[in-house]
Structure formats: C-alpha cells, structure tokens
1. So how do 60-66, 90-96 stack up, highest first, on mean other-Cβ count within 10 Å?
2. Whose amide H sits under 5 Å from the amide H of residue 43, counting only residues 5 or more places off or on another chain, with H placed in the peptide plane?
3. Which whole-Hz couplings ³J(HN,Hα) result when phi for each residue of the range 53-69 is put into the Karplus expression 6.51 cos²θ - 1.76 cosθ + 1.60, θ = phi - 60°, listed in order with x for Gly and Pro?
Amino acid sequence: MKKNNLDGPDGFSYYWHDLRKEEEIFPTRPLGGGSVMNWASFGWGSKSSICFVDGRMNAKGYRKVLKKHLIDIGSCMGGSDWISQQDNAPIHRAKVNLAWFKSKKIFEEY
C-alpha cells in the first residue's frame, strides 16, 4: 500500500533552479492538494495491475485488497513457492492480517 501526495513528496522544502534566471514561485496546493493510495505487486518477470484505494485504509480494507489481488497473482509470479514482502505499516502488522497470511500459508517477510 502506498500513499502518493499529489503536490510533491512529504517534507518538500526546496527545488533546483538556474541561478542565471529569475526564480519561479509555484503554489504548493493550487487545487487543494490531496493524495492517492494504491497497491500493486511485482515478481520475477511479472507484475500486477495497480489497485487504487478509496479513502483511508484500515486492516480490514487491506485484507480485502489482498484477497482480491494478491492470491491470484502470487502463484503466477512466483510459482508455488513465493513470499509476500511488505513494510511494517500498522495495517500490514495487524494481528488479523498476520493470521490471514498464516491461514493461507503465505510466508510474509518484513
């Protein structure tokens, strides 16, 4: 799961410009900013389509995305022996999601 800000990366506070030209000032949120959350997976020689997520994500919503997208594509990418790798985001480490991975016999790596 990845949140992408529509007006630049978090903490963006400078930019490069040609010192021989006048500095340009751009508003950082001309249309109100916002963000998009998406999920995708990739493997050796294969990749999934991108799943765009509406609103904020919680453990239940993350599991719904996994059920719909991960199970089908996992075996196509890695055969019968594949690993799901993710970061330590709270929705990834939620006990219900860890139990779901275990019930599906999916090894996860952090």
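Read-outs throughout are calculated quantities, based only on the coordinates presented, and are distinct from any laboratory measurement. The shown structure was predicted, so the numbers you read here are calculated from the model rather than taken from an experiment. All Cβ positions, glycine included, derive from the backbone under ideal geometry; neighbour counts span all protein chains shown.
1. With the highest mean Cβ count within 10 Å placed first, the list reads 60-66, 90-96.
2. Correct list: empty.
3. My calculation for the range 53-69 gives 10, 8, x, 7, 9, 10, 4, 5, x, 5, 5, 4, 4, 4, 4, 6, 10 Hz in order.
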